[in-house]
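The values are calculated or read from the model by the stated rules, or taken from the named source; none is laboratory data. Every value quoted in this text rests on a predicted model; they were computed, and no experiment measured them. A quick note on method: Cβ atoms are made from the backbone with ideal geometry, for glycine too, and the neighbour counts reach across all protein chains shown.
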Amino acid sequence: MPACWRPGIDGGQPGAYDTAMGSDPSLVLRARAHRAEDSLRPTRAEIDLDAIAANFHATRALADRPVLAVVKCDAYGHGVLPVALRLAQEGVHGFGVALAEEGLELREAGVEQMILVMNGVYGDAHGAVLAAGLSPVVYRLEEVERFAAAANGPFEVHLKIDTGMHRLGIPMAELDRFLDGFAAVQGATIAGVMTHLAAAEDDDALTHRQLDAFDDALARVRARGHEPRWCHAANSAATVRHPRARYDLVRTGGALWGHPGYDSAAAPVDVKGAMRLRTEIVSLKTIEPGEIVGYCGTFRAERPSRIAALPVGYGDGLVRFQSNRGHVLIRGQRCPIAGNISMDLTSVDVTDLPDVAIGDEAVLLGEQGGARIRVEEVAEACGTIPYEIFTSVSRRVPRFYV
Ligand SMILES: *Cc1c(COP(=O)(O)O)cnc(C)c1O
């Protein structure tokens, strides 16, 4: 086992992942498909679990609340099991996932903390969700009734209130009617009440309107004798920027990966990027002025040029919009992407790097030799946000835990 394999549940000893999987062979196989040691290609995402742990501790210290680590979508592309097992070891209160199947995967891996299924339960999984001890979020009475039928006894839910984002949640105008109906469902207890903020990073007026509505909703819930233990509203941006949004726990995703979706330069908490995307040069050639590079010939050399090929492409999550726009780091220098990014390959103009050689490392995200490609820079160039850049790094790229 290489030293890189550190899922972090038993002090970094090899085999921890297998142990976490229990004896289910399909889970073990699924995990192995991503094992760094099985990858031949030098393209990989290096995930710094120590950075994630430090970001967690910094966030929890600032919030002074239990942290629900939001690990939906494979921990925003960082690899959910190693990340979750490490955060569990660090003392995280629980985990937030979007889907029931994401929550079940965590339970099967041995996670014992609270797991909140934030977007509701689709399909026919109500019984399985309760049996696994997941905490479901509900926003329609029919869902509560389905849980009651599946539970055949007492069960707990978190209510999601729509305070203005208008995506999911019980509309404020329907809350009283919802609570009337809820009272008639046998066995149901409100363990938590939550809302989600639409623009905690920059629209303070909207955020305060949403939080005022949430306070009103909490008062109405309590007025009927419910005693929700967990009231929660804060994503990363609200955790940092809006102390009043912290309530009983904070739901933090982006801040854990070091890219919190707010202006981190202005934030009172120091977090560090946790993903580095790297590969190595596999081919080098010289082309003459007028010759083209890549599909459709969108790069045409204006001088004798050295072109390096990298075994990484849009099939790995390198957004094709970066063709002829983005940069990679080689020998600590920024080198422009030349021509169209292909599915499996990307070419780079390395004419200005005289000593460049096959096997040199190329960094697509993160640091090399003091230089840095910031995910914010890539996201902005692609007209998107850092979260989409991370979640785009595809299954084919092994996550390598350093
Ligand atoms: C994704 C999500 C979060 C976390 O948001 P970050 O900006 O990543 O901190 C919190 N709550 C809900 C409901 C979410 O869907």
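The requirement of being in contact with a Pro (Cβ under 7 Å, 6 or more places away or on another chain) and either at pLDDT below 95 or surrounded by fewer than 24 Cβ atoms within 10 Å (Cβ to Cβ) (or both) is fulfilled somewhere in the range 192-202, by at least one residue. For the range 323-336, state whether one or more residues are farther than 15 Å from residue 365 by Cβ, crowded, with 21+ Cβ neighbours inside 10 Å and either in contact with an Asp or Glu (Cβ under 9 Å, 6 or more places away or on another chain) or of a type outside the set (D, E, K, R) (or both). Taking every residue of the range 323-336 in turn, at least one turns out to be farther than 15 Å from residue 365 by Cβ, crowded, with 21+ Cβ neighbours inside 10 Å and either in contact with an Asp or Glu (Cβ under 9 Å, 6 or more places away or on another chain) or of a type outside the set (D, E, K, R) (or both). A residue that is farther than 26 Å from residue 72 by Cα, in the same structural domain as residue 281 (by TED's automatic domain parsing), touching a residue at least 40 places away in the same chain (Cβ under 8 Å) and surrounded by fewer than 22 Cβ atoms within 10 Å (Cβ to Cβ) occurs nowhere in the range 376-397. Considering 355, 344, the condition of being surrounded by fewer than 22 Cβ atoms within 10 Å (Cβ to Cβ), of a type in the set (D, E, K, R) and closer than 14 Å to residue 306 by Cα is satisfied by 355 alone.
For the range 303-326, filtering for residues that are in contact with a Lys or Arg (Cβ under 9 Å, 6 or more places away or on another chain) and either over 22 Å from residue 290 (Cα atoms) or assigned to a loop (DSSP other than H, G, I, E, B) (or both) leaves 7.
Between 20, 45, 16, 31, which is within 30 Å of residue 251 (Cβ to Cβ), modelled with pLDDT of 95 or more and either outside the structural domain of residue 110 (by TED's automatic domain parsing) or not aromatic (Phe, Trp, Tyr) (or both)? Going through 20, 45, 16, 31 in turn, just one is within 30 Å of residue 251 (Cβ to Cβ), modelled with pLDDT of 95 or more and either outside the structural domain of residue 110 (by TED's automatic domain parsing) or not aromatic (Phe, Trp, Tyr) (or both): 45. Only one of the listed residues (85, 116, 104, 130) is within 16 Å of the ligand (Cβ to nearest atom), not assigned by TED's automatic domain parsing to the domain that holds residue 388 and not in a loop (DSSP other than H, G, I, E, B). That residue is 116.
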